Amino acid sequence: MRSPRSFLAAVSGHLAGRQAPAAPGHHSLPVRTLQTLAQREPVRLKKLSAPDTGILELTLERPEVKNAISWELMTRLRGAIHKIEADATAKVVLVASSVPGVFCAGADLKERRHMSSSHVKEYANSLRSTFSYFEALSIPTIAVIEGAALGGGLELALSCDLRICGENATLGLPETGLAIIPGAGGTQRLPRITGRSRAKELIFTGRRCDATEAVLMGLANYCVPAGEAYGKALELAREMTKKGPLGVRMAKKAIDQGMEVADMRSKLAVEGECYEQLLHTQDRLEGLAAFADKREPVYTGE
């Protein structure tokens with residue numbers, strides 16, 4: 001199976017071979033400009049400084065195509081997730097866009113037009129596994145949605161723990177309009193969030209909903225004035241970083257793993273296992289001591 005990078009190289013070479021020669025009197029872009037374009041990073045990962053230590057920003061930055069998810073963006077996203085996973089100081093991740101009026105428009109359909117069926121399958125499998133990788137992070141993740149979150153863009157948001165929308169947000173899974181289905185987790189995560197019947201309506205019709213409706217159906221946690229979604233997400237992230245980090249991690253694990261088993265007895269067993277892992281931590285003792293001393297606890301994650 002060809003790697004994403006080798007496939008991108010093949011596509012680039014194919015397209016380059018089909019380009020018509022420059023017309024007389026026309027000049028190509030300066031080398032420096034080409035280098036600048038080539039070096040643009042579609043995904044940026046930033047660690048916030050004090051007093052917001054422990055909060056990371058993962059930002060999508062492909063303004064020319066409304067953050068459409070190309071092979072390159074997907075590869076960079078996976079690399080950023082790996083860095084987050086390896087960072088012992090990370091407590092919360094905010095997923096946002098630097099592009100005004102859009103969170104993510106979905107898959108890069110212009111790139112997809114040049115893919116064979118086998119390459120489309122490889123892309124969908126890779127994107128599905130990337131979002132699952134992100135969903136499996138042990139720390140809370142919050143999607144900051146201003147503007148459009150469509151197709152793969154909404155599927156990325158669905159892999160987050162929380163979704164905060166500006167009132168200008170538009171959410172939808174329009175894939176059936178292209179004679180396909182949501183292929184990066186949308187058919188599985190959406191019904192778990194909104195319920196089966198509502199998810200079927202949205203997917204069968206490809207209908208888009210606004211932020212207010214998203215909150216009413218449980219698809220979004222908050223709807224705030226346009227431009228204020230990041231501020232609300234940061235407020236929530238700050239509240240989370242004040243809590244015991246091991247407790248937050250185990251709470252996420254208990255909820256997520258409990259949702260994957262069928263009966264209540266098994267669900268409660270998952271909760272019990274997660275609780276037991278916290279019994280002998282320094283943070284648990286610190287929480288009790290701080291309560292007795294009527295002071296704010298100082299948690300170390302130990």
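At the residue level, Val224 shows approximately 20 square angstrom of accessible surface with a 1.4 angstrom probe and all protein chains present. Antiparallel beta bridges, as assigned by DSSP with both residues in segment 39-94, represent about 60 percent of the total such bridges. Classification of segment 203-255 by its C-alpha gyration tensor yields an oblate form. The axis ratio a/c (a ≥ b ≥ c) is 1.5 or more, and b/c is at least a/b. Residue order by solvent-accessible surface for Leu288, Leu73 is Leu288, Leu73, largest first, with ligands and nucleic acids left out and a 1.4 Å probe.
The amide H of Ala107, built 1.01 Å from its N in the peptide plane, has Ile69, Gly152, Gly153 as neighbours under 5 Å, considering only residues 5 or more places off or on other chains. With contacts taken as Cα pairs under 8 Å at a separation of at least 6 residues, segment 60-160 carries a relative contact order of 40 percent.
Split the accessible area of the chain by element, probe 1.4 Å, and carbon with sulfur accounts for 56%. Note that the chain presents 56 Å² accessible area per residue, ligands and nucleic acids not counted, probe 1.4 Å.
For Ser97, the residues whose amide H sits under 5 Å from its own are Leu60, ignoring neighbours fewer than 5 places away on the same chain, with H placed 1.01 Å from N. Measuring nothing but how far apart in sequence close Cα pairs (under 8 Å, 6+ apart) lie, relative to its length, the chain scores a relative contact order of 13 percent. In this structure, the amide hydrogen of Gly147, modeled 1.01 Å from its nitrogen in the peptide plane, lies closer than 5 angstrom to those of Gly166, Asn168, Ala169, Thr170, counting only residues at least 5 positions away or on a different chain. Among His119, His280, the order of accessible area from largest down is His280, His119, computed with a 1.4 Å probe on protein heavy atoms.
Adding -39500 (n - 2.57) for every DSSP H run of four residues or longer, then dividing by how many residues the chain holds, sets the calculated 222 nm ellipticity at -15000 deg cm²/dmol.
Length gained on full extension, Val298 to Ser197, computed as 0.36 nm times the residue gap minus the Cα-Cα distance: 31.9 nm.
With contacts taken as Cα pairs under 8 Å at a separation of at least 6 residues, segment 165-302 carries a relative contact order of 21 percent. Relative to the longest principal Cα axis of the chain, at what angle does helix 229-241 sit, 0 to 90 degrees, rounded to 10? In the chain, helix 229-241 runs at an angle near 40 degrees to the longest axis.
If a/c stays under 1.5 just call it rounded; otherwise compare a/b with b/c (prolate if a/b is bigger, oblate if not). Do that for segment 165-276, with a ≥ b ≥ c from the square roots of the Cα gyration tensor eigenvalues. Because a/c hits 1.5 or more and a/b fails to exceed b/c, segment 165-276 counts as oblate. Beta-bridge orientation, the chain: approximately 25 percent antiparallel, per DSSP, counting only bridges with both partners inside. Taking all protein chains as they are arranged and a probe of 1.4 Å, the heavy atoms of Asp293 leave approximately 100 Å² accessible to solvent. Panel note: the C-alpha atoms of the chain, placed on their principal axes, show extents of 82, 46, 42 Å (largest first).
Rounded to the nearest Hz, the phi-derived 3J(HN,Hα) couplings of segment 45-53 under the Karplus curve 6.51 cos²θ - 1.76 cosθ + 1.60 (θ = phi - 60°) are 10, 9, 9, 6, 8, 3, x, 9, 4, where x marks glycine and proline. Surface calculation, 1.4 Å probe, protein heavy atoms: Lys232 sits at approximately 40 Å² accessible. Apply the a/c threshold of 1.5 to the C-alpha gyration tensor of segment 69-153 and tell me whether it is rounded, prolate or oblate. Oblate.
Working from label points 7 Å from Cα in the Cα-to-Cβ sense, the Lys83 to Ala136 distance is 2.1 nm. Connecting C-alpha atoms closer than 10 Å in a GNM of the chain, tell me which of Thr176, Thr187, Thr59 has the biggest fluctuation. It is Thr176.
The values are calculated or read from the model by the stated rules, or taken from the named source; none is laboratory data. Predicted model, so just to flag it, every value in this text is computed and none were measured. Using ideal geometry, Cβ is built from the backbone for each residue, glycine included, and neighbour counts are taken over all protein chains shown. Calculation scope for accessible area: heavy atoms of the full protein, side chains included, ligands and nucleic acids excluded. Shrake-Rupley method; radii C 1.70, N 1.55, O 1.52, S 1.80 Å.
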